[in-house]
Amino acid sequence: MASTDRLLSIRNHDRDLAGLTYVYPVLSRRAGGVSVGINLNPNNACNWHCVYCQVPNLVRGRAPRIDLVQLEAELAGFLHALVHGDYLQQHVPEGLRSVRDIAFSGNGEPTSAVEFPAAVEVAVRLRERFRLGREVPLRLITNGSLMGQTAVREGVRLLGEAGGEVWFKLDAGTRAGTRRINGVALDPDAVARRLQASAARCTTWVQTCMFRWDGAGPSEDDIRSYLGVLEAAGPDRLAGVLLYGIARPSMQVEAARLSPLSEAELEAIADEIRKKGLTVRVSP
C-alpha cells in the first residue's frame, strides 16, 4: 500500500490517498472519525449528476466489473494497517483516531456494480476477521435509484443482517427539483417506495444536502414537497435524516451557482423535519 505524508482532512476526500484502486480513507464529519471507503466506481461513472458532487471528471454510466480478489486484498491490507499498524497515528489528527465505519461510497453509485452483493460479503467477512465488531458498522451511501433490482435488494439485506445502515439520498421532493439538483427526473412516489424497500431490509437514514442556488435557499414549497416524500415513505420506518450543507467545493460545472446555507438555516429546516417525528442530525 502506498504511503502518504499528508494528514487526512474533513475537506479532502481524495480517493488516491492510500494509493489503492477500491479502498480509500476519509475523515467523515457525519461519521465522526475515519471512514474506510470502498469505491466500486473507479471509472468516475454515475447514473446521476449531482451539482454538488466532488468527483472530478464525472461521467454518466455505471460501475465497471469489479475484481473481487483485488478488492479483498486491498481491504484486508488497509484494515491491517489501521488495526495492527501505525496508520492512524501517522495520518489522522489527534482526537479522530478511530475507525467509524466501512462505507460503500466513492466516485459513483455503488449499487450499479454487478458484484455489489458479493462485495458486501467481502466487507462482512473482513470486518469479522479483524474483530472490528458491529460498533464499526457497514454503510451503503446510495442514491437509491436501483433499489428495485433484485441483486441490490439482496446486498442491502446482507447489510441489514450484519447490522449495517443505508444512507439513502433525497435532496428534493419534485421532479423539477431532482432534475436540477441530481440531474434526473424522479417520480416522488417511486422514491418513497424505494425508501420503504430499503428500510424493510436494513436500517435506513435519509441523507439530504441543502444549499443556495443562485443565492436563493430552498423555498417553502421545496421543503413542503420534500417532507411529503418522507411522509409517503413512512417516518416510522426510517432511522432519521442526515441533513448537511456544502463543506467542500463542487467539481461540477454548476459549482459557481452553489453556496452554503448557514447553520441556523439548516437547523430551521431540521425543525420542520422533526415535526414529522424524525430524528435529524445536522452537519453544516
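Taking A185 as meeting all but one of (1) modelled with pLDDT of 95 or more; (2) under 23 Å from T150 (Cα atoms), write down the number of the exception.
Exception for A185: condition (1).
Assess whether R134 counts as being modelled with pLDDT under 95, within 19 Å of the chain's Cα centre (by Cα) and open to solvent by 40 Å² or more (accessible area, probe 1.4 Å). Walk me through how you get there before you give the answer.
Working: modelled with pLDDT under 95: yes; within 19 Å of the chain's Cα centre (by Cα): yes; open to solvent by 40 Å² or more (accessible area, probe 1.4 Å): yes.
In short, yes.
On the basis of being in a loop (DSSP other than H, G, I, E, B), on the phi > 0 side of the Ramachandran plot and open to solvent by 10 Å² or more (accessible area, probe 1.4 Å), does G148 make the cut?
In short, no.
Out of curiosity, is E115 buried (at least 18 other Cβ atoms within 10 Å of the Cβ), out of contact with any Phe, Trp or Tyr (no Cβ under 7 Å at 6 or more places or on another chain) and either hydrophobic (A, V, I, L, M, F, W, C) or modelled with pLDDT of 95 or more (or both)? Quick ask: steps written out before the conclusion?
Numbers: buried (at least 18 other Cβ atoms within 10 Å of the Cβ): yes; out of contact with any Phe, Trp or Tyr (no Cβ under 7 Å at 6 or more places or on another chain): yes; either hydrophobic (A, V, I, L, M, F, W, C) or modelled with pLDDT of 95 or more (or both): yes.
In short, yes.
Determine which single condition L140 fails, assuming it passes every other condition in (1) in a loop (DSSP other than H, G, I, E, B); (2) open to solvent by less than 20 Å² (accessible area, probe 1.4 Å).
Unmet condition: (1).
Scan R157, R180, R175, R193 and give me the residue that is surrounded by fewer than 17 Cβ atoms within 10 Å (Cβ to Cβ) and touching a strand residue (DSSP E or B) at 6+ places or on another chain (Cβ under 9 Å).
On the way: R157 fails: touching a strand residue (DSSP E or B) at 6+ places or on another chain (Cβ under 9 Å); R175 fails: touching a strand residue (DSSP E or B) at 6+ places or on another chain (Cβ under 9 Å); R193 fails: touching a strand residue (DSSP E or B) at 6+ places or on another chain (Cβ under 9 Å).
So the residue among R157, R180, R175, R193 that is surrounded by fewer than 17 Cβ atoms within 10 Å (Cβ to Cβ) and touching a strand residue (DSSP E or B) at 6+ places or on another chain (Cβ under 9 Å) is R180.
If a residue must be under 21 Å from the mean Cα position of the chain (by Cα), crowded, with 17+ Cβ neighbours inside 10 Å and farther than 18 Å from V282 by Cα, how many such residues does the stretch 207-253 contain?
4
The values are calculated or read from the model by the stated rules, or taken from the named source; none is laboratory data. Quick caveat: nothing in here was measured; it's all calculated off a predicted structure. So basically every Cβ, Gly included, is an ideal-geometry build from the backbone, and we count neighbours across all protein chains shown. Only protein heavy atoms, including side chains, enter the accessible area calculation; ligands, DNA and RNA are left aside. Shrake-Rupley method; radii C 1.70, N 1.55, O 1.52, S 1.80 Å.
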